[in-house]
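Below: one structure, written as structure tokens.
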Amino acid sequence: MTAVINGKPQAIEPGERLIDLINRCGIEVPHVCYHPQLGPIQSCDTCMVEVDGKLVRACGTTAVEGMNVVTSSPRADAAQREAFDRILGNHMLYCTVCDNNNGNCTIHNTTKLLAVEHQEIPYKSKPYEVDMSNPFYRYDPDQCILCGRCVQACQTLEVNETLSIRWEDEHPRVLWDGGKPIGESSCVSCGHCVTVCPCNALMERSMLGEAGYMTDLPKSALDGMIDVVKGIEPEMGYGSIMQVSEIESHMRESRTKITKTVCTYCGVGCSFDVWTKDRHILKVEPLEGAANGVSTCIKGKFSWGHINSADRLTKPLIREGDRFREASWDEALTLVAHRFSEIKAATGPDSLAFISSSKCTNEESYLMQKLARAVIGTNNMDNCSRYCQAPATTGLFRTVGYGGDSGSITDIEKAGLVVIVGSNTAESHPVIATRVKRAHKMHGQKLIVSDLRENEMAERADVFLHPRPGTDLIWLSAVTKYILDNGLADQKFIDQWVNGAAEFKKSLKSFTFEMASERCGLPIETLTQVAHMIAEAKGVCVLWAMGVTQHSMGSDTSTAISNMLLATGNYMKPGTGSYPLRGHNNVQGASDHGAMPNFFPGYQEVADPAIRAKFEKAWNVTLPPKPGLDNHMMIDAIHEGNLKAMYLFGEEMSLVDSNANFVGDALTKLDFFVVQEIFFSETCQFADVILPASPSLEKEGTFTSTERRIQRLYQALEPLGESRPDWIIIQDIANRLGAGWKYEHPSQIYDEIAALTPLFAGVTYERLEGYKTLQWPVAEDGSDQPLLYTKNFYFPDGKARFYPVPWSEPTDQQDAQYDLHLNNGRLLEHFHEGNMTYRTEGIREKTPCTFVEVSPDLAGERGIQTGSWVQLTSRYGKVKAQAVITTRVQGKELYMPMNSTDEAVNRLTSSHTDKVTHTPAYKETSVQLRVLGEIGEDPLPRTNSRHGHPTPQTGVEVERKWKRKDYRLPGEHLVQIQNARP
Ligand code: SF4
Ligand code: SF4
Ligand code: SF4
Ligand code: FES
């Protein structure tokens, strides 16, 4: 198909927007409100072009065969200029003293493109104050051009539905919750609106007075300068004034550093540019991340207070009695090497254990397991995927072969139906949630949520299931049985691709809807509806997380999910598959790169002699043949006196492991404990040596996100004080133990990983340069697999396997004494226990502490109100917290977010585990509740977004603007504007 643009035929892609085609052809047409990731908004009218003799908006027009387009005819040109002139009536051009004058301001660049010299419509201030009530960004109505990008982003991309423009108002402006101060609205501070704003109306507060050379002047001086500039504009024209601002903008380049990095928080894998001036973080700007585009959540966009926190560890510390003293690196490393050697000589290599960090890089996990295996000689090696994701991996190993998401986030967007089981996606994986919310709101995707809490995704779902705690396996198996029994399965897919169907069908015998209804407390009609929705949907993706895995049946329930997907043929096609959502930014990568007791990198078995021989040859050592201890077994082994020393980095083990009191007791029993951290964490108090490490912005390496996506992070800042990147520290320790490693850059570590690991054979730093990514497995030629199973499943015969799983009663059940069920999980604003996020002041303001969610029924029965102090006691410990009364939880079920270092929920959880993986059954906890009689403020302050009232609408609703009496399409009356193109 072709269209003719300015007299030249141009090939068009099906469904291509005319503005995209024009841009692709390198023709310059202004387009202020258009943003490719938001779609056409059609509010600014600057993109007017002539099509077949008629003026149209290029952004709102689809290119079609034979179309004749003229982009700069006198009519189009006049219309573009008139439209832009109206914009300048809403925006004062004071670029030289504007923090947004960084070469990427759409208004500035359009002024330049149109060579605007003078304004016809004078700038008019709006009768509103600047809103500074959000700690992270501000809104200046006087600079707002009413393009509506922010509204479109909030309503249709983030789908928080906070923003709107009331076009009927005399002076329209952007509104939060229909007219609240930002800080008292439902805004979750995700930053989408700020990122897409084409000018300085919405800006990161960290930019203000910092980005420019003259932007930190007092307001009176700034206003004076602006007046001077305005005064000379009629005589000089904008051209000369813009030249000055261009020079100032170029000067900024020498002191502003822009570095691509990958988010350090959750497993979504958002990537973005971080702008820094010395150590000051000016802003985070997401543009083209493979996983996130322009999206972020509050953490990735704004939670960077930990980087320059005064609490950062900057020198090694050595214990002396009950205190720590500062030491030189030489002294600390010598001590570590000496004690490791001594303990190894006395009690053998298996009396030492190593725990890698799922916050640190792939290269660092690789080196840690190499240190354990090749230098010390033990497989006692694990990472925190043991606490959450190991059961999901097991479920997938059993049924489809690889322990990773079977597709990409784009597949989740494409699915006809998304089923979320035990995942608070909107808070734990916010950017993935935006994709589901968008598909659901805008594209008719269906959504089923199974959870104990009515979280945001549950509120939005077409069907919300609230099964009894620990019974997901039952309803999943019953639905699968119903599908198989009623001819709703994809029999062709099963016959061609799945082994074990007959035996599996037999294993489901007891999972009738009657039994499921009784055990799960779900109506049979709902189960029937769910079965039909799953069987009949055009592509099903199942997302699950800790609400499934942190149970004694975590592996089996994960298996049941995959069985259901196999029965319905929901693998091997775009828009289908299994998505265990990985929690930490690199929890996938830590396991992938061998930080496990039974696997070398790439899930190569340590017990396999041929594999071991390969690593022995490469590393020139003899390697231990038996799998080692996992995290859970390590704690038992310390209590039993068999484990004497431990080296742990980037992991708050004493708070995040279950039954924290028992874990803490174990750590006190170690003969020698090395903790490598960025802060003096709770776990540090048990250490003998503390080594100061560098966070993500201070080092290079790669992370692997939940969708198996490997991405590079670059160094934005020098390590603070004497802190060092983890890979350098691990290498130093290895070398003091005689290893002779000579890595000078993480890329050399990756070259070694690729050479030894078929899963990553084609991964190189060059192939990951900038924003390039690879989704494993990566073949030697660099080809990767966004969709994991296309030609076969990962078993010798290429077929998947049904894997029968029985159900058993959950552990730690309620009784007369411990009569309440306690659930727990993450909160949007904080990551995990909060060691990093609490260091960002704005986050602390909005979400200062943990709390306990109590249902209105229970609150009424026990006389509890929001703010009441209560004590929860389990069979393992106690914590004190304030109550929040909410309908998110029901009956005798409580919920406690895990963001607390003082009153950690894991003082209550048990040592019961998933039978297969030893993942703690965090979600199987019974407690008693005592009301303490004291009542304080609501633990969620007034400024917390949960108190807001969103205003959902379909987008910016520009048609309402077009209906205004004072609106007419620019160019319709050919207004003569004097400026000419250069
Ligand atoms: S939730 Fe808040 S920060 Fe996010 S797009 Fe909406 S208004 Fe902006
Ligand atoms: S605040 Fe919103 S409407 Fe105003 S200029 Fe920025 S993106 Fe456009
Ligand atoms: S925390 Fe997760 S969703 Fe939020 S910006 Fe980081 S990677 Fe993205
Ligand atoms: S870019 Fe087309 S109307 Fe704004």
Report whether or not residue 134 is away from ligand 2 (no atom under 15 Å from the Cβ), touching a Ser or Thr at 6+ places or on another chain (Cβ under 8 Å), touching a residue at least 12 places away in the same chain (Cβ under 8 Å) and under 30 Å from residue 183 (Cβ atoms).
no
Specify the residue that is nearest to the chain's Cα centre (by Cα); the eligible residues are those in the stretch 450-466 that are under 19 Å from residue 412 (Cα atoms) and in a strand (DSSP E or B).
450
Cβ-Cβ under 7 Å pairs, at least 6 apart or on other chains, the stretch 18-44 side closer than 20 Å to residue 196 by Cβ, far side away from ligand 2 (no atom under 15 Å from the Cβ) and in a strand (DSSP E or B):
29/49; 37/293; 40/17; 42/57
When the stretch 806-842 is checked residue by residue, the ones that are part of a helix (DSSP H, G or I) and closer than 19 Å to residue 881 by Cβ are 837, 838
Going through the stretch 837-852 in order, the residues found to be crowded, with 23+ Cβ neighbours inside 10 Å and either of a type in the set (Gly, Ala, Ser) or in contact with a strand residue (DSSP E or B) (Cβ under 8 Å, 6 or more places away or on another chain) (or both) are 850, 851, 852
Would the stretch 197-215 turn up any residue that is out of contact with any helix residue (DSSP H, G or I) (no Cβ under 6 Å at 6 or more places or on another chain), polar (S, T, N, Q) and more than 16 Å from ligand 1 (Cβ to nearest atom)?
no
Just to check your reading of the model, which residue among 319, 339, 312 is surrounded by fewer than 24 Cβ atoms within 10 Å (Cβ to Cβ) and touching a Ser or Thr at 6+ places or on another chain (Cβ under 8 Å)?
312
Quick one: count up the residues across the stretch 174-194 that are within 15 Å of ligand 3 (Cβ to nearest atom) and over 21 Å from residue 142 (Cβ atoms).
5
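Would you confirm whether or not the stretch 843-856 contains a residue that is touching a Gly at 6+ places or on another chain (Cβ under 7 Å) and not in a loop (DSSP other than H, G, I, E, B)?
First, the residues of the stretch 843-856 that are touching a Gly at 6+ places or on another chain (Cβ under 7 Å): 855.
Those still in the list that are not in a loop (DSSP other than H, G, I, E, B) too: none.
No, the conditions are met nowhere in the stretch 843-856.
Quick test for you: out of 917, 886, pick the one residue that is over 30 Å from residue 58 (Cβ atoms) and without any contact (Cβ under 8 Å) to a residue 40 or more places away in the chain. Quick ask: steps written out before the conclusion?
Working: 917 fails: without any contact (Cβ under 8 Å) to a residue 40 or more places away in the chain.
Result: 886 is the single residue among 917, 886 that is over 30 Å from residue 58 (Cβ atoms) and without any contact (Cβ under 8 Å) to a residue 40 or more places away in the chain.
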Within the stretch 874-900, restricting to residues that are modelled with pLDDT under 95 and hydroxyl-bearing (Ser, Thr, Tyr), the one that is farthest from residue 811 (Cα to Cα) is 900
Which condition number in (1) within 16 Å of ligand 4 (Cβ to nearest atom); (2) touching a strand residue (DSSP E or B) at 6+ places or on another chain (Cβ under 6 Å); (3) not aliphatic (A, V, I, L, M) is the one that residue 85 fails?
(2)
So is residue 133 farther than 21 Å from residue 186 by Cα, of a type outside the set (D, E, K, R) and surrounded by fewer than 20 Cβ atoms within 10 Å (Cβ to Cβ) or not?
no
Please indicate, with yes or no, whether at least one residue in the stretch 263-286 is away from ligand 4 (no atom under 16 Å from the Cβ), assigned to a helix (DSSP H, G or I) and under 20 Å from residue 704 (Cβ atoms).
no
Helices (runs of 4 or more DSSP H) wholly in the stretch 467-534 with at least 2 residues that are within 28 Å of residue 924 (Cα to Cα), modelled with pLDDT of 95 or more and of a type in the set (Asp, Glu) - which ones?
513-520
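Find the helices (runs of 4 or more DSSP H) located wholly in the stretch 105-209 whose residues include 3 or more that are more than 16 Å from ligand 4 (Cβ to nearest atom) and at pLDDT 95 or above, and list them. Step through it out loud before you land on a result.
Details: elements: 106-113, 149-152, 192-196.
Helices (runs of 4 or more DSSP H) meeting the threshold: 192-196.
Quick check on the stretch 756-765. Is at least one of its residues part of a strand (DSSP E or B) and over 30 Å from residue 575 (Cα atoms)? Working first, answer last.
Kept after step one, since they are part of a strand (DSSP E or B), are these residues of the stretch 756-765: none.
No.
Would you say residue 244 is at pLDDT below 95, in contact with a Ser or Thr (Cβ under 8 Å, 6 or more places away or on another chain) and farther than 15 Å from residue 714 by Cβ? First the steps, then the outcome.
Values: at pLDDT below 95: yes; in contact with a Ser or Thr (Cβ under 8 Å, 6 or more places away or on another chain): yes; farther than 15 Å from residue 714 by Cβ: yes.
Yes, satisfied.
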Only one residue in 623, 648 is of a type in the set (A, V, I, L, M, F, W, C), modelled with pLDDT of 95 or more and farther than 30 Å from residue 321 by Cβ. Which one?
623
Among the residues of the stretch 138-159, what is the count of those that are more than 10 Å from ligand 2 (Cβ to nearest atom) and either over 21 Å from residue 298 (Cα atoms) or not polar (S, T, N, Q) (or both)?
5
Take residue 408 and tell me if it is within 19 Å of residue 584 (Cα to Cα) and touching an Asp or Glu at 6+ places or on another chain (Cβ under 7 Å).
yes
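Give the residue, chosen from 92, 1, 67, 48, that is away from ligand 3 (no atom under 16 Å from the Cβ), among the aliphatic types (A, V, I, L, M) and within 21 Å of residue 203 (Cβ to Cβ).
92
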Anything in the stretch 437-456 that is under 17 Å from residue 952 (Cα atoms), away from ligand 1 (no atom under 16 Å from the Cβ) and crowded, with 18+ Cβ neighbours inside 10 Å? List them, or say none.
439, 440
Restricting attention to the stretch 471-488, does a residue exist that is surrounded by fewer than 22 Cβ atoms within 10 Å (Cβ to Cβ), in contact (Cβ under 8 Å) with a residue 40 or more places away in the chain and within 24 Å of the chain's Cα centre (by Cα)?
no
Search result, residues across the stretch 599-646 that are more than 18 Å from residue 669 (Cα to Cα), under 35 Å from the mean Cα position of the chain (by Cα) and among the polar types (S, T, N, Q)
604
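From the list 99, 77, 85, 52, which one is touching a Lys or Arg at 6+ places or on another chain (Cβ under 9 Å) and acidic (Asp, Glu)? Don't jump to the end; show me each part of the working.
Working: 99 fails: touching a Lys or Arg at 6+ places or on another chain (Cβ under 9 Å); 85 fails: touching a Lys or Arg at 6+ places or on another chain (Cβ under 9 Å); 52 fails: touching a Lys or Arg at 6+ places or on another chain (Cβ under 9 Å).
Exactly one of 99, 77, 85, 52 is touching a Lys or Arg at 6+ places or on another chain (Cβ under 9 Å) and acidic (Asp, Glu), namely 77.
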Restricting to the stretch 858-899, name every residue that is β-branched (Val, Ile, Thr), within 28 Å of the chain's Cα centre (by Cα) and not in a strand (DSSP E or B).
886, 887, 889
Pick out the one residue from 587, 530, 548 that is farther than 12 Å from residue 481 by Cα and in contact with a Pro (Cβ under 8 Å, 6 or more places away or on another chain).
548
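Here are some residues: 57, 86. Which one is of a type in the set (Lys, Arg) and touching a residue at least 40 places away in the same chain (Cβ under 8 Å)? Step through it out loud before you land on a result.
Working: 57 fails: touching a residue at least 40 places away in the same chain (Cβ under 8 Å).
Answer to the selection: 86.
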Which number in (1) farther than 28 Å from residue 149 by Cα; (2) without any contact (Cβ under 8 Å) to a residue 60 or more places away in the chain marks the one condition that residue 197 misses?
(1)
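The values are calculated or read from the model by the stated rules, or taken from the named source; none is laboratory data. Given the structure is predicted, the values throughout are model-derived calculations rather than measurements. FYI the Cβ positions are ideal-geometry reconstructions off the backbone, even for glycines, and counts take in every protein chain you see.
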